[in-house]
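Beneath this line is the structure, given in structure tokens, with notes to follow.
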Amino acid sequence: MPVDERTGKHWSATIPRRRLLRLLVTSGVLCLWLLWACQKKTGEKYVSFRYTQIVCDEHWATGATDSATVVSVRRYLDSLELAPLDVQVRNDGESDACGICFCRTGKRFYVTTIYEEERVRRYGVIGFQQL
């Protein structure tokens with residue numbers, strides 16, 4: 001056990017109890033404050049959207065792979081300052097058996113972002129449906 005060299009007593013015996021109590025309370029408050037300050041902000045609401053891909057999509061470049069197309073979608077949304085947090089593509093839609101521009105491919109893009117009314121409106125303007 002740590003001992004004070006001058007008095008030969010345990011270190012806690014050399015600190016007045018009031019000072020020790022104040023030190024413990026201050027340390028506890030500091031620890032609680034640090035835990036609170038380092039936590040992720042809560043209360044942020046998220047919103048998700050879906051976009052059904054068509055054959056002639058004019059918004060972004062269709063890549064050779066779904067991953068490349070997701071990168072194009074993310075870049076397009078970033079350029080509009082729509083702050084996409086997550087972008088995914090799924091082959092879960094209906095496809096049309098035709099080759100004209102407005103035919104659906106069967107792929108859908110799903111985007112999640114932080115909820116703001118203006119942002120929701122702007123996603124709607126470019127053809128995304130809120131889920």
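Remarks
- Sorting the Cα pairs of region 69-131 by distance into bins of 10 Å, from 0 upward, gives 20, 49, 27, 4 percent per bin.
- DSSP-loop GluC sites (Glu not before Pro) across region 75-121, with at most 11 other Cβ within 10 angstrom: GLU81, GLU94
- Computed E for THR26/ILE114 - FRET, C-beta separation, R0 41 angstrom, nearest 0.05: 0.65
- Among the protein heavy atoms, those of SER27 account for about 50 Å² of accessible surface (1.4 Å probe, every chain in place).
The values are calculated or read from the model by the stated rules, or taken from the named source; none is laboratory data. These figures come from a predicted structure and were not determined experimentally. Cβ: placed from backbone, ideal geometry, glycine included. Neighbour counts: every protein chain shown. These area figures cover heavy atoms from the full protein model, side chains too; ligands, DNA and RNA do not enter into them. Shrake-Rupley method; radii C 1.70, N 1.55, O 1.52, S 1.80 Å.
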